[in-house]
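What follows is a single structure, written as structure tokens, with notes after it.
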Amino acid sequence: MKHLLYVSLFLLASCSSIKVTYDYDSQADFSKYKTYEFTDEAKNFPIQELDRSRVLSAIEKEMAAKGFTKSSTPDVLLDLQVKLEQKQTATATNTGGYYGPYRYGWGAGYGGTTHINVENYVDGTLFVNMIDKSTEKMVWQGRGTKTLEDHPSPQKKEQNINYAVQQIFTKYPPKKK
């Protein structure tokens, strides 16, 4: 259950600072892909139902913008995955204290306090995998990584999910060199 909570939290991360990367099969002919369908696993992606609908809808919107049509006999299948990574940062802050001249010259400080602030957070990555239906091989993968945010409103959830998916699809089709 905790996993499902974190998966949902990734999808609710704020819009700023999403890191997007991609990879692709350099032998694939992306111009031949015109139709798509989600895998059964993607349709049942293990997150809260409303968020799953938001993710699938955002992907459908981006696929249409890329010229794709949803089909029961697709050229490519789309699959989704999530990776979560627990992280921690620590910041030390010194306050007070005195360091400076004393009666016989410069001396060591005294009376200072060091405060250490420890912050735990989770980075989540959403993977969108494109699989060539005829060869059953992955031809493209887009990834978006973001630090998760707690308790956004339903409107903010939708905005964040749309933004994350839009950013992932900026890397499709790949620019071959």
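The values are calculated or read from the model by the stated rules, or taken from the named source; none is laboratory data. Only a predicted model underlies this, so the values are computations on that prediction, with no experimental measurement involved. So basically every Cβ, Gly included, is an ideal-geometry build from the backbone, and we count neighbours across all protein chains shown.
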Test Gly105 against the stated conditions and say whether it is farther than 30 Å from Phe169 by Cβ, surrounded by 11 or more Cβ atoms within 10 Å (Cβ to Cβ) and at pLDDT below 90.
no
What's the total number of residues in region 167-177 that are in a helix (DSSP H, G or I) and farther than 13 Å from Phe127 by Cα?
1
Which of the residues spanning region 127-158 are at pLDDT 90 or above and not in a strand (DSSP E or B)?
Lys133, Ser134, Thr135, Glu136, Pro154, Gln155, Glu158
When residues of region 144-171 are filtered for being buried (at least 19 other Cβ atoms within 10 Å of the Cβ) and within 30 Å of Ala28 (Cβ to Cβ), how many remain?
9
From Ser72, Ser57, Ser53, Ser26, grab the single residue that is more than 24 Å from Pro173 (Cβ to Cβ) and either among the β-branched types (Val, Ile, Thr) or not in a strand (DSSP E or B) (or both).
Ser53
Taking region 126-143 on its own, how many of its residues are surrounded by fewer than 17 Cβ atoms within 10 Å (Cβ to Cβ) and among the β-branched types (Val, Ile, Thr)?
1
In region 59-102, the residues that are modelled with pLDDT under 95, closer than 30 Å to Tyr36 by Cβ and of a type in the set (S, T, N, Q)
Gln81
For region 40-84, how many residues are without any contact (Cβ under 8 Å) to a residue 40 or more places away in the chain and of a type in the set (Asp, Glu)?
4
Filter region 1-38 down to the residues that are modelled with pLDDT of 95 or more and touching a Pro at 6+ places or on another chain (Cβ under 6 Å), then identify the one that is surrounded by the fewest Cβ atoms within 10 Å (Cβ to Cβ).
Thr35
Name every residue in region 113-134 that is over 23 Å from the mean Cα position of the chain (by Cα) and either within 22 Å of Phe169 (Cβ to Cβ) or in contact (Cβ under 8 Å) with a residue 60 or more places away in the chain (or both), in order of residue number.
Asp132, Lys133
Anything in region 110-125 that is under 18 Å from Ile18 (Cβ atoms) and surrounded by fewer than 19 Cβ atoms within 10 Å (Cβ to Cβ)? List them, or say none.
Tyr121, Val122, Asp123, Thr125
